[in-house]
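Enquirer: This is the structure, below, for whatever I ask next.
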Amino acid sequence: MSAGVVQVAGEVIANRRVGAYHHLTLVAPGVAELAHPGQFVALAVGGPTSANLLRRCFSIHKVKPSGTYGGTVDVVVAAHGPGTQWLTGLSAHDAVDVVGPLGRPFPLPAEPVACVLVGGGYGSAPLFWLAEALRERGCHVEMVLGAASEDRLFGVVEARRSADGVTVTTDDGSAGRRGWVSDVLGDVVDRTSAGVVYACGPMGMLRSVTDVARAHGAVAQVAVEESMACGVGVCMTCVMPVTGNDGVTRMVRSCVEGPVFRGDRVRWDAIEGGITRVPDDALGAPRPGGH
Amino acid sequence: MSAGVVQVAGEVIANRRVGAYHHLTLVAPGVAELAHPGQFVALAVGGPTSANLLRRCFSIHKVKPSGTYGGTVDVVVAAHGPGTQWLTGLSAHDAVDVVGPLGRPFPLPAEPVACVLVGGGYGSAPLFWLAEALRERGCHVEMVLGAASEDRLFGVVEARRSADGVTVTTDDGSAGRRGWVSDVLGDVVDRTSAGVVYACGPMGMLRSVTDVARAHGAVAQVAVEESMACGVGVCMTCVMPVTGNDGVTRMVRSCVEGPVFRGDRVRWDAIEGGITRVPDDALGAPRPGGH
Amino acid sequence: MADMTTVLAGVELPNPVMTASGCAANGQELHRFFPVSELGAFVTKTVMKDPRSGRATPRMAETASGMLNSIGLQGPGIDVFCEKDLPWLAEQGARVLVSVAGNTAEEFGEVVQRLVASPAWSCVVGVEANISCPNVANRGLVFACDPVSSERVVQIVRTRVPDGVPVFAKLTPDVTDIVAIADAALRAGADGLTMINTLLGIVIDTDLLRPQLAGTTGGLSGPAVRPVAVRAIWQVVSAMRAGTVPTAPVIGVGGVRTGKDALELVAAGACAVQVGTATFNDPHAPRRVLTELEAEVTRHGVTRFADLVGIAHERMVTL
Amino acid sequence: MADMTTVLAGVELPNPVMTASGCAANGQELHRFFPVSELGAFVTKTVMKDPRSGRATPRMAETASGMLNSIGLQGPGIDVFCEKDLPWLAEQGARVLVSVAGNTAEEFGEVVQRLVASPAWSCVVGVEANISCPNVANRGLVFACDPVSSERVVQIVRTRVPDGVPVFAKLTPDVTDIVAIADAALRAGADGLTMINTLLGIVIDTDLLRPQLAGTTGGLSGPAVRPVAVRAIWQVVSAMRAGTVPTAPVIGVGGVRTGKDALELVAAGACAVQVGTATFNDPHAPRRVLTELEAEVTRHGVTRFADLVGIAHERMVTL
Ligand SMILES: Cc1cc2nc3c(=O)[nH]c(=O)nc-3n(C[C@H](O)[C@H](O)[C@H](O)COP(=O)(O)OP(=O)(O)OC[C@H]3O[C@@H](n4cnc5c(N)ncnc54)[C@H](O)[C@@H]3O)c2cc1C
Ligand SMILES: Cc1cc2nc3c(=O)[nH]c(=O)nc-3n(C[C@H](O)[C@H](O)[C@H](O)COP(=O)(O)OP(=O)(O)OC[C@H]3O[C@@H](n4cnc5c(N)ncnc54)[C@H](O)[C@@H]3O)c2cc1C
Ligand SMILES: Cc1cc2nc3c(=O)[nH]c(=O)nc-3n(C[C@H](O)[C@H](O)[C@H](O)COP(=O)(O)O)c2cc1C
Ligand SMILES: Cc1cc2nc3c(=O)[nH]c(=O)nc-3n(C[C@H](O)[C@H](O)[C@H](O)COP(=O)(O)O)c2cc1C
Ligand code: FES
Ligand code: FES
C-alpha cells in the first residue's frame, strides 16, 4: 500500500502500429522512477467530454526515467472497445492522464535460477523488461510467446535480444509451432530446469501455465487481467479468489494485491466461462438464505 | 418543411482565432447548395466517446458550393461550454458531423429598399452574406455592429467591404462609439430611410432593435437564439411565443419556424431574465387548475 | 437477410424499430432524412384532447450522456392531429402507434374516441397510453405511479379501441415496484407495455443558482438511463416468464443510440425498440439503429429477429 | 478565503466534501494521492457484522457517463474494521462517517454496538445507516423501499449511537415517493439524510447475450444519475422548507465530478457532498472537488459556503 504512485498529465510522443497492436510511448514524469516489471498504468480515456469514466489498465511495457522528454512509459494496446479505440487513435502531443505505477510487480528470485517467461498475445508486453531484470541477477531466461496468429504475437524480435532462448507458438501455425504455449512449456521448463515460470496473458492460458509449471516442478507467477473500474484499490470490482499463506481463500483485489499472483494460489476452480464464482469455502462466502 | 437539409460527415479545414472567437471552415458537401443567409447548421460535439449528445447550432457565416475541398461552410464560434470548447479546439482534418442548412432564412425584400443589418457580438456572422444578397438586389445596406468590447466584435473589416456604411459600438468604448447598437440604430434608419432592419444577437438586443425599428418606421427581422436540443424540429425545446397572421400567439419552434421572426410578432413581454413564459392568451396556455 | 418482422399482440410489423413519443414530432421533420414508412412503426408525440402550449422555457438541459426535458405535452390537440398529422402519416404509408394522454382517466377515453373516428384510423397499428403523465384528479400524481389509476386509464382506453388494435401502457420507472404497475395495467386489459418513460430529474444552473428548467423538474432520457430501461424490461419479463404477471409484448425504450443498444433491450425481452433522445444527436438514428440491429441479428447467426427476444433470460448464468 | 465549514446536526466539519461509501475503501489507498484528513469527512465502505466475500465477478459494467456495480458489500466485518481500519483513519486525523448495514434491523444494531465500543470511536463524526440494502427478513426487499423497515432500522441505530453523534439514513432513489421515506427516517430519529444511493440497473453483454454482471442487476452511479440526485435532494428539502417533513441536514451524493457538480447538490439543499464514482476516474477527485467548490463559493461572491446551501429554492422563478 505504501508503494509510490503518481497521477500525471501525460502526453503521447509516439503511437506506432505493431502487428495487431499499437505501441504507445507516453511522457509521464515520475512513473518510470517508481515502476517495476509487472506493474501497470491506468489511463483516462475520451478527453474532457468523455462518457467513458473508467480508466483502462495496461501493463507497463518499458519505462525511461528521463531523457529528451522527461520520463516516459510505453504500453502496448489492443484496440477493442471505445477506450482502447480512442487510445490507439491518439497522435503525438495528445494528452492522456496517467495513474501509475500500480499493483505488485513480479517477485524476483533471490537466487539466480533459470526462468521461463510466457506471454500470450499482448501479454508479452511486460516480459522483456522483466527478462532484463532477471538476467541482471544472473538468471537464465527463456521466453515462450504465443498468440492466435502471427499478427497477434508481440515482441518476437525483442525477445531474441532479451532472452537466452525463445519459443513461439500460434494457434493457426502462421508463426512458430502450431498450438498453445502450454504445449511447449513443459519441455522448456525441463530443458532449462527452470525454477520459476512468469506468465501474462488470458485467464485460460494462465491456468494451463500454472498446471504445467506445477507438473514440471516450477513455481508459476501469473499476471492476471481482471476487469477493473478504479485500478487503485478503492472499488472492489477486480477481485479474484486467492488462497493466502494461512490457507484461507479470500476475494482479493487484483489491482493492489495483484495483478501478479502465485499461480497455485489462484482458485482456478471458481473461474469459468467469463464468470468467477465465490468458492463456498472463501472467507465470508454467501450462505444459503443470505449472508 | 420541404426545405432541403442534409446530414454529412464534415471535416475541419481551417480553425483560426478572430478576436474572442474561432472562425471554422468545414467541408460539408451538399450544405452550401441548399443554404440561404440566416440559416444555421447543427454540429455534433465531442467525438465518438462524447457525453454531450446534443448538437450545437451556429449561424452560417458563409458557404462555398464547391472548390478545392468540395462544398464548405464557415461558422464563427464563441467558446463557452463543453461543446463550443471542443469545437474551438479542433484542428485541420478533425471530423465534425454537420446537419444543415436548418431554419428559415432572412426574407429578402421584393423591392430594392434600404436595409440596416445589426449584429451583436458573433451575431454579425450571418450578416455579411445577407448584405451581399441584398446588394445584389439593389438594396442600400448599412451595418451596425456592437459588442461588449473590441475583441468581441466580429467582422468590422469585412463589413466595410460588404456594406455601404458601417457603425460600430462597444459597451466599454474600446472601439467605435461607446454604448449599444440601439443607441445609434434610430439615426441610421432615419438617415437611410431603411425599410427593413435585420438583426442577430442576444435577446435583449433583438427586443431593442425591434422597438427602435418600429419607432422609426422599419420592419425588424430578427434571428433569435433559443436553446435547442435537436435543431431539426422534433423536440419542442426551442419554442418562443410568436403571434401569427391570425393574431393568435403560439409557442412556435424557433428551429423550423425561425430562427428569423418578424420582431413585432415576438411576444417580448413574455421574455425576461432568461425565462420565456407562456403568455396567458397563447393557444393552449395552461389554465388555473391544470390544462 | 435476417427476418426482422415482429409481432405485437397480433399485429405484425416489418421490423421492430420505432421512434419514441415526443422525440420525432409527427413525422414530417424526420421524413426529410429518411422515409418514415421504413420504420416498424412511427410513434407520435403524445396527443391530448385540447391544444396545449406546453411549458415555459428553458425546457431542456443537457446532462451527462442524456438530457432533461419539460415540454409539457405541447401539441395541437386530438382534432387537429386527426385532421392533419395522422392523414399525412397514412399517406406516407407509415404504420402508426398513436400516443395518447389525458388529464383524467375519462379524458384518455375522449381522446381515443375521437382518434378512432379519424378517417386515417386505418394506419394505426396500436395505441400507446402515456400513463406516465400527471393525473389532475389525483393531486397531479402520475397515473403510472399508482396501480389503481393505471388500471382505470387502461380499462377506459381498451374499451374504446376496436378489437385487433393493441393498446400499450407506457410506464414510468420512477416507482418502487414496476412489476406491480405492469401487472395492474395488463390485468386491466393492456395488450402490451412500453418501458420506460423518462426519470424525474433536476439540473441546477450553477451560474444563476436556480433550476435550469423554467418548470424546475424535467424528464431524464438518453444513454444515461439505458441500464434502468433494461432493468425495468428485465424485471417485468422475468415476472412474465415466471408466470406471476400475464405474458404480453414489451416495447423497449430508453437510451438506445445504436443497434447494440437496441439489442440490449431486445435480449432483456423487448420485441420492439423505440429510439428517442438519440434522434436529437443524429436525425437518422431510428433508421440507422434498424440497419445496425439487422447486422447484429446476422452477427449472432440467427435468421429471425424474434429468436433474440428475451434470449438473455435463457443465457443467464445462475450462480 | 471562503469559510468552508459546515455543520451537520451539531457537528462542525472544516469543509463539506466527503468520500462516498464504497468508493474510497477505508482510506489507505486514497491516502497515497492526498491526505484523507483534508476532507470534511471520510465515509467508510459499508461495514456489516461478519466478514463478507461479496459477489461473483464481473461486478461492474461501464455505462454511458456512469457504471453499474454489484460488489455485494464485501468487507472484513465490524470487528476487523474496528481493529484495523478505524484506528488507521483516527491516526491520520480523519473525521470519519462510518457506513453500517445489517441483514436485519437487529443486525444494524449489533454492528453499531461494536462500533461504539471501538477504541478509535472518537474519530467518528457520524454514522451513516445504509438502509439501501436488502432486508433478509422481508424477502430481500431493500429497507429504504419501505417506510416501516426504514423506521425500524433508524430507531435501533439511533438508540445505540451516543447522543451528540448524528445518525444519517442513506436513501435509495428507487422509490415512488422519496419524501415519504425521508419523513419516516427522520421521524424515527435520524439526524440527517444521505441521498442518493445507486439506481438499480442492468447491462446486457451484447456479445454473450447475457447480463454483464454475474449478479444480473447492479447499482447505477456516476454523472449519469446526477439529475436524479439533485431532484431527490430538492424534493426532500422542499418538503422540509414547507414544513411537511422535519428539518434536518442533507448530505448530497450522486454524480459529483467537479466543484460545479457539487454546487448543484448544495444549491438544491445539501450541506455536504460526497464524491463517489468520480474517484475511479480521478483518484484526486474528492480533494479536487473541494478546491473547485471553494473557487465556486468565491466566484459567487459569498464568504461562507453555508450561504449557498439551498439557495436555488430562493432563486427559483415561480411562473
Ligand atoms: C493489469 C492489467 C493489464 C493489462 N494490460 C494490457 C495491455 O498491456 N494491453 C492491452 O491491450 N490490454 C491490457 N489490459 C486489458 C485492458 O485493460 C482492456 O482491454 C481495456 O480496459 C478494455 O477497454 P475498452 O475500452 O477497449 O473496452 P470496454 O469493454 O469498453 O471497457 C469497459 C470497462 O471494462 C474494463 N475492462 C474491460 N476489459 C478489461 C480487461 N480485460 N481488463 C481490465 N479491465 C477491463 C475497462 O477498464 C473499462 O473500465 C490489461 C488489463 C489489466 C487489468
Ligand atoms: C440559431 C442559432 C444560431 C447560433 N449561432 C451561433 C454562432 O454563430 N456562434 C456562436 O458562437 N454561437 C451561436 N449560437 C449559440 C450556440 O449554439 C451556443 O452557444 C452553443 O450551443 C452552446 O454550447 P456549449 O457547449 O458551449 O454550451 P452548453 O451550455 O454546454 O450547451 C448545452 C446545450 O444547450 C444548448 N445551448 C446552450 N446555449 C445555447 C444557445 N445560446 N443557443 C442554442 N442552444 C444553446 C446547446 O446546443 C446544448 O444542447 C447559435 C444558437 C442558435 C440557436
Ligand atoms: C424532448 C422529449 C419529449 C418527450 N415527450 C414524450 C411524450 O410526449 N410522450 C411520451 O410518452 N414520452 C415522451 N418522451 C419520452 C420518450 O418517449 C422516451 O420514453 C424517453 O425519452 C426514453 O427514451 P430515450 O432515452 O430513447 O429518449 C419524451 C422525451 C423527450 C426527450
Ligand atoms: C463500486 C461502488 C460501491 C459502492 N458501495 C457502497 C456501499 O458499500 N455503501 C453505500 O452506502 N453506498 C455504496 N455505493 C454508492 C455510493 O456511495 C453512492 O451513493 C453512489 O455511487 C452515487 O454517487 P456517485 O455517483 O458519486 O458514485 C457504492 C458505489 C459504487 C460505485
Ligand atoms: S480495480 Fe478498483 S479495487 Fe481493484
Ligand atoms: S430544437 Fe428541437 S424542435 Fe427546435
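Read the figures in this text as sums done on the coordinates, not as results from a lab. For clarity, every value in this text was computed on a predicted model and none was experimentally measured. In this analysis, Cβ positions are derived from the backbone assuming ideal geometry, glycine residues included, and neighbour counts consider all displayed protein chains.
Enquirer: Work out how far the C-alpha atoms of the range B:171-228 reach from end to end along every principal axis, then list the three figures in whole Å, largest first.
Expert: 36, 29, 13
Enquirer: Which loop trypsin sites (Lys or Arg not before Pro) in the range C:132-213, with loop taken from DSSP, have no more than 10 other Cβ atoms within 10 angstrom of their Cβ?
Expert: When the trypsin sites (Lys or Arg not before Pro) of the range C:132-213 are filtered for loop state and at most 10 Cβ neighbours within 10 Å, C:Arg139 remain.
Enquirer: Starting from the 7 Å offset along Cα-to-Cβ, what nm value, one decimal, do you get for the label separation of B:Arg160 and B:Ala110?
Expert: Taking the two extended label points, one gets 3.8 nm.
Enquirer: Same structure, new question: Where does the Debye-calculated log10 I(q)/I(0) of the range B:6-102 sit at q = 0.12, 0.13 Å⁻¹, using only Cα point scatterers of equal weight, no solvent?
Expert: -0.31, -0.37
Enquirer: Something else now. Can you sort D:Thr277, D:Thr258 by how many other beta carbons sit within 10 Å, fewest first?
Expert: D:Thr258, D:Thr277
Enquirer: Still on this model: Students often get this wrong, so check it: of C:Lys45/C:Lys170; D:Lys45/D:Lys84; A:Lys62/D:Lys45; C:Lys170/D:Lys260; D:Lys45/D:Lys170, which have C-alpha atoms separated by over 24 Å?
Expert: Flagged as over cut-off: A:Lys62/D:Lys45; C:Lys170/D:Lys260.
Enquirer: Averaged over C:263-270, how many beta carbons belonging to a partner chain fall within 10 Å of each residue's beta carbon?
Expert: 3
Enquirer: Determine, for each peptide in A:278-285, B:79-86, the mean count of other beta carbons within 10 angstrom over its residues, then list the peptides with the highest first.
Expert: A:278-285, B:79-86
Enquirer: Please identify, among D:Val127, D:Val289, D:Val228, the residue showing maximal mean-square fluctuation in a Gaussian network model of chain D using a 10 angstrom Cα cutoff.
Expert: Result: D:Val228 has the largest fluctuation of those listed.
Enquirer: Among A:38-51, A:114-127, D:15-28, how do they line up by average Cβ neighbours within 10 Å per residue, starting with the highest? Don't skip to the answer; put the middle values down first.
Expert: Details: A:38-51: 23.5, A:114-127: 28.0, D:15-28: 26.3.
Result, highest mean first: A:114-127, D:15-28, A:38-51.
Enquirer: Tell me, what ³J(HN,Hα) does each residue in the range B:188-195 have, in order and in whole Hz, if you take phi through Karplus 6.51 cos²θ - 1.76 cosθ + 1.60 with θ = phi - 60° and put x for Gly and Pro?
Expert: Rounded to whole hertz, the list is 5, 4, 5, 4, 9, 6, 5, x.
Enquirer: Rg and Dmax of the range B:85-205, Cα atoms, in Å?
Expert: 15.5, 48
Enquirer: Counting only other chains, and only Cβ atoms inside 10 Å, what mean value do you get across the residues of A:53-59? Before the final figure, lay out each step's value.
Expert: Details: counts 19, 10, 4, 1, 0, 0, 0.
If you average over the peptide's residues, the count of other-chain Cβ atoms is 5.
Enquirer: Let me ask something additional. Which values, in whole Å and largest first, are the semi-axes of the equivalent ellipsoid of the range B:115-276 obtained as the square root of 5 times each eigenvalue of the Cα gyration tensor?
Expert: Three semi-axes, in Å: 26, 17, 15.
Enquirer: Something else about it: Counting partner chain Cβ atoms within 10 Å of every residue's Cβ in C:24-30, what's the average? Don't skip to the answer; put the middle values down first.
Expert: Numbers: counts 5, 8, 1, 1, 5, 10, 3.
Neighbouring Cβ atoms belonging to other protein chains average 5 per residue here.
Enquirer: Relative to 2.2 N^0.38 Å, what does the C-alpha radius of gyration of chain B come to as a ratio? Two decimals please.
Expert: 0.98
Enquirer: Calculated from DSSP H runs of 4 or more alone, at -39500 (n - 2.57) each and per residue, what is the 222 nm mean residue ellipticity of chain C, nearest 500?
Expert: Rounded to the nearest 500, it is -8500 deg cm²/dmol.
Enquirer: Apply the Karplus curve 6.51 cos²θ - 1.76 cosθ + 1.60, θ = phi - 60°, to the phi angles in the range D:195-206 and return the couplings in whole Hz, x for Gly and Pro.
Expert: Going residue by residue, I get 9, 10, 7, 6, 9, 6, x, 9, 10, 9, 6, 7 Hz, with x marking Gly and Pro.
Enquirer: Additional query: Quick one: if you take sqrt(5λ) for each eigenvalue of the C-alpha gyration tensor of the protein assembly as shown, what semi-axes come out, biggest first, whole angstrom?
Expert: 51, 37, 32
Enquirer: Using only the Cα atoms of chain D, build the gyration tensor, take square roots of its eigenvalues as a ≥ b ≥ c, and label the shape rounded, prolate or oblate: rounded if a/c is under 1.5, else prolate if a/b is larger than b/c, else oblate.
Expert: Note, shape of chain D comes out rounded.
Enquirer: With runs of 4+ DSSP H residues as the only contributors, calculate the mean residue ellipticity of chain A at 222 nm using -39,500 (n - 2.57) per run, divided by the residue total and rounded to the nearest 500.
Expert: Value at 222 nm, helices only: -5000 deg cm²/dmol.
Enquirer: Quote the relative contact order of the range B:115-276 in percent (integer), defining contacts as alpha-carbon pairs under 8 Å separated by 6+ residues.
Expert: Answer for the range B:115-276 is 17 percent.
Enquirer: Moving to a separate point now. From the phi angles alone, apply the Karplus equation (6.51, -1.76, 1.60; θ = phi - 60°) to the range D:250-259 and give each ³J(HN,Hα) in whole Hz, x where the residue is Gly or Pro.
Expert: Result, rounded to whole Hz: 10, 9, x, 7, x, x, 7, 10, 10, x.
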